[in-house]
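Below: the structure, in structure tokens.
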Amino acid sequence: MSTAHLTAEMVERVRVKKVMTPSQERWYWAIVAFWVAVNSYYWTWWAQAGHVGDPITFTVVSLAMFYIFTLLPSAYLFFLGLMRHPLHIDVRRAEEKGVVQRVAVISLTVPGAESLQIVERQMRAMKRIRYHHDSWILVDKEDSPEIARLARELGVNYFSRHDVDTWGAEQVSAWNQPQAPFAAKTKAGNVNSWLDAFGERYSHFTQLDIDHTPVPGYLDQVLGYFVDPLVAWVQAPSVYGNHELWTARGSSEQELVLQGPLQMGFFGFSRTPFIIGSHCTYDVQAIMRIGGFQPTRAEDHLDTVCLAAQGYEGVYTPEILATGDGPENFETYLAQQFAWAYSMIQVLLSYTPRLIREYSIRRGFQFLFVQTWYTFWSLSMLMLFAAPLLTLTLNDPIANVSYWAFLGHLLPVSFASSATWLWSRRWQFPQNLRLSWRGVVLHIARWVVVLSAFIQVVLRVKKPYMITVKGMGGIPRFPLAVLVPYIGLVGLSLGVCWFYLGVYGGGPSQGYLFFALKGAMLFWLMLVILLAHDVYSVTKSGTALLQALRARSAALATVLSLTALLTVTTVNSAALIMQALTN
């Protein structure tokens, strides 16, 4: 019988409970009422006919503001109210039912992409998992006698789809194809090769990224839920532990709302929490039914939507069961964000139109909300950055409102959004993390690289599969090349300001010099912080300050030049800005 046709009377279902207490629910509904009130206050004021300046830019800016300031927080508030916990099911229950039989724990590595110490650490952690299982290390790109020897010493099974001596040249070739399911040099291809060779031995398996070390009780916490035959995967929070690196900590700050409230909300709303590829546990037969791990860099999300299309469900258990390593530097962070955005937009444009008819209304709504986030958010940020520049170029105001009236109506919305985030902090992971400049800097940088990914997907630019280097150490280098787009945006903003000053010299749009300069200052501040922290990190490792500055001379000259240009532009624009603000 198809999984999709099983009914509640025919199966033992995973039961859920509300996350909020009755008292917290009352606070929640008070926050909802306040949120509706402040948004009504702002939008009824903003949308008055007399406030419309240029109709096109007014519409574009209104859409961007609505998405960022109203729709996204509203969605967060919506899923917050639907948060659910699963009631734990002991794994012995699944064993008694004959559901959980033989279990594997696998972790993947690429020689040269991770240090041998990282690989050894993970193999030892897998062996420490208490529930009886087989530990596997899956090696891609090339066979590694060194890792194979270490695996034997530790009692870990070794698999490489490049091991000609074990599998023969014909099988190795079959497991390394240009296309799915055995695409060469991809995570999905590596896992699918292992499933092809050994999958029939197991009822379930846990996949761990090489840097995500599991707790000994990992399997005991997740396997019991598979007594429900609709459950095809069990997900736990994906968190980083290397917060001594600023990019890793900043990434964790960005993930706080996903790793907790949103995932618990997705589970409560549609029983479809999203698979996070850093670590997850799967039903082997369900994965085989969809043809194995799916292609694209976002194979985890595509696995979710393909399993959901077959009628399967997932479980989100809000316990920290594994801790990994975040991006080690700014360049790696940007590369990760690009790869994730590129693949998620690929899923939206190439897979969702075909699969959307298979979903319930709830799942369709949830998937479209998440999959469109990269596209709509980056385009909205572009609109808000570019609109003041276009206004200054045409000398045609976006809106006929004073800055102070605008601020007075929008601030309550921002306050309510921030208050909601702070109130829900108790359910976010990791729980001991505070917001800092790190997350702010990464947030400033993020939309540009996401927008680049969107453009390249639309233009059908092919990108290779990206492997994130982990634990390789070394002195960080300043990534000036990847900062060129941000330098260009600062230059563009300042150039438009000078164009306005030279051509118009003032007029109805002069107040938008403030917004253009603010956009430039944010990117300039990001560059200053990156350079200052880079020099600090290098000197902390033992390099003399003068030597560090000489090594960063090009970056230092660039930042100093932008500082001078920004200062001169601000001074020349100040009188016009003050005049606009006081009128």
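Each value in this text was obtained by applying a stated rule to the coordinates, not by laboratory testing. What you are looking at is a predicted structure, and each value in this text was computed from that prediction instead of being measured. Methodologically, a virtual Cβ is constructed for each residue, glycine included, from the backbone with ideal geometry; neighbour enumeration extends over all protein chains shown.
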A correct Karplus calculation of ³J(HN,Hα) over segment 208-213, with 6.51 cos²θ - 1.76 cosθ + 1.60, θ = phi - 60°, whole Hz and x for Gly and Pro, returns 10, 4, 4, 8, 8, 7
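Please report the net charge: other residues with Cβ closer than 15 Å to the Cβ of Arg362, K and R +1, D and E -1. It would help to have the intermediate numbers written out before the result.
On the way: positive: Arg84, Arg271, Arg357, Arg363; negative: Glu313, Glu358.
Value of the local net charge: +2.
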Pair Gln179, Ser350: separation of 7 Å Cα→Cβ label points (nm) = 1.2 nm
Within straight-line cross-link reach of Lys127, aspartates and glutamates at Cα separation under 19 Å, skipping those fewer than 8 residues along the same chain | Glu146, Glu153, Asp209, Asp211, Asp220
How far is helix 55-65 tilted, in degrees, relative to the longest principal axis of the Cα atoms in the chain, given as a value from 0 to 90 rounded to the nearest 10?
-> 40 degrees
If R0 = 51 Å, then Thr372 and Asp165, at their Cβ-Cβ distance, give a FRET efficiency to the nearest 0.05 of 0.60
Under 18 Å from the Cα of Lys97, which lysines turn up, not counting those fewer than eight places away in the same chain?
-> none
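Under the definition of Cα pairs under 8 Å and six or more residues apart, what whole-number percent is the relative contact order of the chain?
18 percent
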Residue-span extension gain [Leu435 to Asp396] - 0.36 nm each, minus C-alpha spacing = 10.2 nm
Measure nothing but the geometry: give the 0 to 90° angle between the long axis through the Cα atoms of 512-540 and the longest principal axis through the Cα atoms of the chain, rounded to 10°.
-> 50 degrees
Sorted by packing (mean other beta-carbon atoms within 10 Å per residue), highest first, where do 338-347, 36-45 land?
-> 338-347, 36-45
Counting only C-alpha contacts under 8 Å and six or more residues apart, can you give the relative contact order of segment 474-583 as a whole percent?
-> 41 percent
Mind listing the long-range amide H neighbours of Tyr131? Cut-off is under 5 Å, sequence gap 5 or more, other chains count too, H placed in the peptide plane at 1.01 Å from N.
-> Leu219, Asp220
Rounded to one decimal in nm, the spacing of the 7 Å Cα→Cβ label points at Glu25 and Val571 is 6.3 nm
The local net charge around Val19, scoring Lys/Arg +1 and Asp/Glu -1 for residues other than Val19 whose Cβ lies under 12 Å from its Cβ, equals +3
Each residue of segment 261-274 in turn: what ³J(HN,Hα) in whole Hz from Karplus with 6.51, -1.76, 1.60 and θ = phi - 60°, glycine and Pro shown as x?
-> x, 5, 5, 5, x, 4, 4, x, 6, 9, 6, 9, x, 7
Tilt of helix 22-46 relative to the longest C-alpha principal axis of the chain, in degrees (0 to 90, nearest 10)?
-> 40 degrees
Sorted by mean Cβ packing within 10 Å, highest first, what order do the peptides 528-536, 23-31, 149-157 take?
-> 528-536, 149-157, 23-31
Check Val315: other-chain or 5+ apart residues with amide H under 5 Å from its amide H, H built from backbone geometry?
-> Trp233, Val234, Gln235
Give the peptides 376-382, 568-574 in descending order of average Cβ contacts within 10 Å, highest first.
-> 376-382, 568-574
Thr44 to Ser418: FRET efficiency via 1/(1 + (r/R0)^6), r the Cβ-Cβ distance, R0 25 Å, to the nearest 0.05?
-> 0.70
Label point at Thr543 placed 7 Å out along Cα→Cβ; residues across segment 322-341 whose backbone nitrogen lies under 20 Å = 328-334
Lys141: which aspartates and glutamates have alpha carbons under 13 Å from its alpha carbon, excluding same-chain residues fewer than 8 sequence positions away?
-> Glu114, Asp163
Roughly how many Å is it from the Cα centre of segment 509-583 to that of segment 279-309, as a whole number?
-> 45 Å
Using only Cα atoms, locate the centre of segment 316-395 and the centre of segment 156-219, then give the distance between them in Å, rounded to an integer.
-> 28 Å
Asserting the computed 222 nm helical MRE of the chain (DSSP H runs at least 4 long, -39500 (n - 2.57) per run, divided by residue count, to nearest 500) equals -17500 deg cm²/dmol
What is the gain in length, in nm to one decimal, between Lys462 and Met578 on full extension, counting 0.36 nm per residue of separation less the C-alpha to C-alpha distance?
-> 36.9 nm
Say R0 is 35 Å: what FRET efficiency, to the nearest 0.05, do His88 and Gln285 get from their beta-carbon distance?
-> 0.90
